[in-house]
1. Restricting segment 264-281 to residues that are farther than 19 Å from Q334 by Cβ and among the polar types (S, T, N, Q), which is modelled with the highest pLDDT?
2. From A456, A505, A517, which residue is among the hydrophobic types (A, V, I, L, M, F, W, C) and either at pLDDT below 95 or more than 20 Å from N410 (Cβ to Cβ) (or both)?
3. Checking M255 against (1) touching a residue at least 60 places away in the same chain (Cβ under 8 Å); (2) closer than 28 Å to A406 by Cβ, which single condition isn't satisfied?
4. Please tell me if V323 is modelled with pLDDT of 95 or more, surrounded by fewer than 17 Cβ atoms within 10 Å (Cβ to Cβ) and over 26 Å from H401 (Cα atoms).
5. Which is surrounded by fewer than 16 Cβ atoms within 10 Å (Cβ to Cβ) and at pLDDT 95 or above, of A125, A191, A129?
6. When segment 358-392 is examined, which residues are found to be under 19 Å from the mean Cα position of the chain (by Cα) and basic (K, R)?
7. Give the number of residues within segment 133-171 that are of a type in the set (A, V, I, L, M, F, W, C) and touching a Cys at 6+ places or on another chain (Cβ under 6 Å).
8. Any chance you could count how many residues in segment 258-290 are touching a residue at least 40 places away in the same chain (Cβ under 8 Å) and either of a type outside the set (A, V, I, L, M) or out of contact with any Ser or Thr (no Cβ under 9 Å at 6 or more places or on another chain) (or both)?
Amino acid sequence: MAHGGDTRAPLAAVALVVALSATARLASAQPEPAAPPPATEPGSGRAAGAAPEPTAPPAKAGDEAGDPTPPDAAAPAKGPEAKAADAKAAPAADARAAEAAPAEAAPGKTFWDGFAFGSYGRVIAASDAAGRPGRDADVVAHGSRLDLDNYAELELRREDHWESLGATSRLVATLALGNSIFHYSGDFDAAFAIRNLYLEETGLGLEDFSIWAGSRMVRGDDIYLCDFWPLDNVNSLGGGVRYAAPTHTTASLHMGMAQPQNPFYRQAASRPAPLNQFGAATVDVLDRQRWLGALRLEQLVLLGPEPDKAAAPPPRAGLKFVVYGEAQHVPAAQRETATPDVFEDVPADRGFVVGAQIGAFTGERDTHLNLFVRYATGLAAYGEFAAPEALALDRTAAGAHEVVVAMGGNWEISVFALTLGAYFRSFRNASEPLDFGDVDEGIFILRPHVFFAEWAGVAVEGSYQALARGILTPDRGPDDAPHPLTAHVGRIGVMPFVQPAGPGAFSRPRIHLEYAATFRDKSARLLYPTDDPFSLRSVDHFFGLGAEWWFGSTSYGGT
């Protein structure tokens with residue numbers, strides 16, 4: 001923070017730590033803290049020390065652990081700014097896949113009291129062949145992770161087990177730090193965001209039932225290579241309940257609200273101070289919130305013989321089925337027109353999401369495959385924090401829709417691993433004529449790994465992405481007529497790495513070198529402004545030295 005500048009961000013960080021520390025007083029009524037068990041993997045979504053939940057291996061850590069805001073549905077490309085707004089300031093949420101072992105016996109459960117720390121992060125120093133800074137070269141909204149920006153999350157939590165009730169409390173605070181890096185920019189400032197600040201209670205009256213309230217990222221499985229949550233990724237202020245039945249059926253309900261800072265939700269106007277006092281006051285003429293409710297149902301079907309309850313349960317293969325629904329609503333209101341003191345009605349708006357996921361996992365070495373399909377319409381088609389644009393004639397988002405079909409997985413055997421990610425997305429805004437905001441896009445990525453030692457290996461990545469927008473290019477086609485804009489980008493990359501946690505596509509921490517070459521056609525170059533290097537070059541090079549880690553986080557993995 002620059003000297004004499006705004007101190008709110010550091011004060012917010014201090015306030016989080018103080019709030020958590022204050023809860024230490026509760027420990028005086030509890031048994032002496034036992035040594036904490038091994039930290040849970042990020043993405044498990046269960047309290048540290050609790051018996052493993054029977055969850056299938058999730059798609060691995062994405063960023064988004066990245067940015068707090070998903071990209072605008074109509075955004076032209078995933079540049080650094082879009083990633084910072086999309087959760088790419090955002091992380092990764094899911095990490096190494098959790099073991100698919102059911103919690104068979106309550107007597108095997110252990111609990112502990114005290115503070116715990118977890119983190120996700122990535123840092124990279126990068127350049128192109130001309131000495132310019134390394135840049136995100138994707139044209140689709142969710143491209144390759146090879147050139148993600150710097151981002152980190154610091155999670156501090158307090159956990160208490162109430163012996164008399166058999167209940168557990170968990171207070172989680174996650175502070176996210178985005179670019180810039182002081183040692184690079186020389187700017188003594190940083191971008192902060194509170195990604196989680198909630199209290200969760202488990203086992204009050206009903207075992208395996210939990211209730212939470214606060215501000216939370218609510219996510220399912222991601223596609224690691226695309227840093228993308230294709231089915232459910234909600235960030236809001238509210239609360240939820242969750243119940244995991246002994247039949248490996250899990251139901252969760254989340255309700256919350258949000259008010260993105262744009263004129264669709266809020267309009268401020270200057271008015272004279274009351275009672276003829278000197279000066280003026282700011283009045284929120286338009287001041288409405290978006291309300292959201294989401295329901296998620298999950299069923300695991302574990303394969304193979306039931307484990308011996310007297311022994312530690314071995315990993316088991318299985319299938320995972322998820323259905324997801326979401327509803328959004330914004331109430332009607334009024335706003336001031338360009339003519340002072342003249343107002344107009346703003347209609348209510350709404351939207352919904354329906355989707356499903358089918359997954360399969362072996363229970364061994366993070367091997368899994370997930371298939372997703374998602375349909376959103378109305379207000380929900382534009383994205384969580386985006387302001388609806390190109391509205392229908394009735395000034396609502398009715399008629400807008402988005403379809404996503406996606407796939408992510410990983411296969412490991414011996415010294416080899418193969419990770420894949422792919423999706424196709426089609427978005428249409430509420431305006432009937434095709435325009436720049438209407439888009440069809442997709443990407444396919446493969447990343448094979450070879451491990452030369454317990455601590456070292458190399459990964460090679462290849463991807464192809466395509467983007468079509470609802471406009472005509474200024475160039476003439478073979479028939480001397482303008483043709484629809486369809487851009488194509490190909491990328492290849494190599495990443496030697498060292499990782500002390502052992503072989504595995506999702507073993508972390510990791511230090512790596514990167515080289516990537518990006519090939520873009522003429523239409524892809526048209527997506528950038530005049531004199532932008534990406535508009536001039538058909539081939540770009542990216543060189544980087546980076547690190548990525550995740551450990552001990554329990555703040556991801558659903559409600």
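1. Filtering segment 264-281 down to residues farther than 19 Å from Q334 by Cβ leaves 272-280.
Then keep just the ones that are among the polar types (S, T, N, Q); that gives 276-277.
Working: N276: 85, Q277: 89.
The selected residue is Q277.
2. Numbers: A456 fails: either at pLDDT below 95 or more than 20 Å from N410 (Cβ to Cβ) (or both); A505 fails: either at pLDDT below 95 or more than 20 Å from N410 (Cβ to Cβ) (or both).
Exactly one residue qualifies, and that residue is A517.
3. Here M255 clears every test but (1).
4. no
5. Numbers: A191 fails: at pLDDT 95 or above; A129 fails: at pLDDT 95 or above.
That would be A125, the only listed residue that is surrounded by fewer than 16 Cβ atoms within 10 Å (Cβ to Cβ) and at pLDDT 95 or above.
6. R374
7. Step one: list which residues in segment 133-171 are of a type in the set (A, V, I, L, M, F, W, C), which gives 137, 139-141, 146, 148, 152, 154, 156, 162, 165, 167, 171.
Still in the running and touching a Cys at 6+ places or on another chain (Cβ under 6 Å): none.
Matching residues across segment 133-171 total 0.
8. Of segment 258-290, the ones touching a residue at least 40 places away in the same chain (Cβ under 8 Å) are 258, 260, 262-265, 267, 269, 285-290.
Cutting the leftovers down to either of a type outside the set (A, V, I, L, M) or out of contact with any Ser or Thr (no Cβ under 9 Å at 6 or more places or on another chain) (or both) gives us 260, 262-265, 267, 285-290.
So the count comes out to 12.
The values are calculated or read from the model by the stated rules, or taken from the named source; none is laboratory data. Predicted model, so just to flag it, every value in this text is computed and none were measured. Don't worry about glycine lacking a Cβ; one is built from the backbone with ideal geometry, like all the others, and counts go over all protein chains shown.
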